[in-house]
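Below is one structure, written out as structure tokens, with a few remarks after it.
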Amino acid sequence: MIVAERKTIPELVDILEGHKKILVLGCGTCVTVCLAGGEREVSIISSALRIASRAKNLSFEIEELTIERQCDNVFIEEAAKAVERNDVVLSLGCGAGVQAIAERYPAKPVYAGLNTSFIGILEERGIWAEKCAACGACVLDQYGGICPVTRCAKHMLNGPCGGSREDRCEVRPDRPCGWQLIYQRLKSIGQLDRLKRIVPPKNWAPSLGGGCRVIVREDHRI
Ligand code: SF4
Ligand code: SF4
């Protein structure tokens, strides 16, 4: 899922200052699961903004709404009337959701209420960790399903770097060494031989170079 974090209330007040009628719009998908922008967070942030605005004599009028997915036009349509009623939208969706709302309502200011962080999973209660950088040319098959791009601090395709202590990464001692994990995983699935090969440089062309990436599925186009 996409993992995001809430901006602070002072940051949001700064962003919204000068506006009166504000729609705080949540998203019911990834950001709900990572506890950043779902219905519950819409309610918490709205209450905090009402209090903060009173304290600063800003008199925000806040409407709350959460739709299933902000990155999908089918669901964005459900917000049409609420968007119309308000001066601005504070989106608690991920960066894709914020931009989808802004594209659908070009005359309405749409602000991001979250900092979109990474693609990751819940590791344990209260801890989300990055698992994929959406590099566009996945190499997981060669590393036992453990991503060297995100889980090795040096992004080494031919690791380890030799700096780990016990099972910890030398760059991030709070995290396990990604290459230790790769070794253990390959060992447990009987594929340690993979480590004998020198992996050639990765093709980074499908990554961020060249601007906005787009996937076209002709079989899904009419
Ligand atoms: S290799 Fe690329 S696509 Fe595959 S998990 Fe790692 S970052 Fe994501
Ligand atoms: S200690 Fe491990 S995870 Fe950290 S940079 Fe070196 S190989 Fe990568």
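General observations
- Of all DSSP-defined beta bridges confined to the range 46-187, some 70% are antiparallel rather than parallel.
- Electrostatic tally near Ile62: other residues with Cβ closer than 9 Å to its Cβ, Lys and Arg +1, Asp and Glu -1, net -1.
- Long-range amide H partners of Trp128 with built H, under 5 Å: Glu123
- Whole-Å semi-axes of the range 136-222's equivalent ellipsoid (Cα gyration tensor): 29, 16, 12
- One quarter of the convex hull surface built on the alpha carbon atoms of the range 22-91 amounts to 4.4 nm², the projected area averaged over directions.
- Among the listed pairs Lys131/Lys196; Lys154/Lys187; Lys20/Lys131, those beyond 29 Å (Cα-Cα): Lys20/Lys131
- Using alpha-carbon coordinates, inclination of helix 95-104 to the longest axis of the chain, degrees: 40 degrees
- Eligible aspartates and glutamates near Lys7 by straight Cα distance, threshold 14 Å, same-chain separation 8 or greater: Glu41
- In units of the rule-of-thumb radius 2.2 N^0.38 Å, the range 2-118 shows an alpha carbon radius of gyration of 0.94.
- For the chain, the spread of Cα positions along each principal axis, largest first, Å: 64, 48, 27
- Only helices enter this figure: runs of n ≥ 4 DSSP H residues, each worth -39500 (n - 2.57), summed and divided by the residues of the chain, yield -7500 deg cm²/dmol at 222 nm to the nearest 500.
- Ranked list, fewest to most other Cβ atoms within 10 Å of each Cβ, for Glu78, Glu124: Glu124, Glu78
- As a length-normalised measure over Cα pairs under 8 Å and 6 or more apart, the relative contact order of the chain settles at 17 percent.
- Taking Cα atoms only, the orientation of helix 39-55 departs from the longest principal axis of the chain by about 50 degrees.
- Cα-based reach from Lys81 at 16 Å (exclusive), listing lysines while leaving out same-chain residues under 8 positions away: Lys21, Lys108
- Taking other C-beta atoms within 10 Å as the exposure proxy, Glu103, Glu64 rank Glu103, Glu64 from fewest upward.
- Local electrostatic count at Leu114 - Lys and Arg +1, Asp and Glu -1, tallied over other residues with Cβ under 10 Å: 0
Any read-out appearing in this document is the output of simple, stated calculations on the displayed coordinates, not a laboratory observation. Computed from a predicted structure; not experimentally measured. Counting neighbours? That spans all protein chains shown, and the Cβs are built from the backbone with ideal geometry, glycine included.
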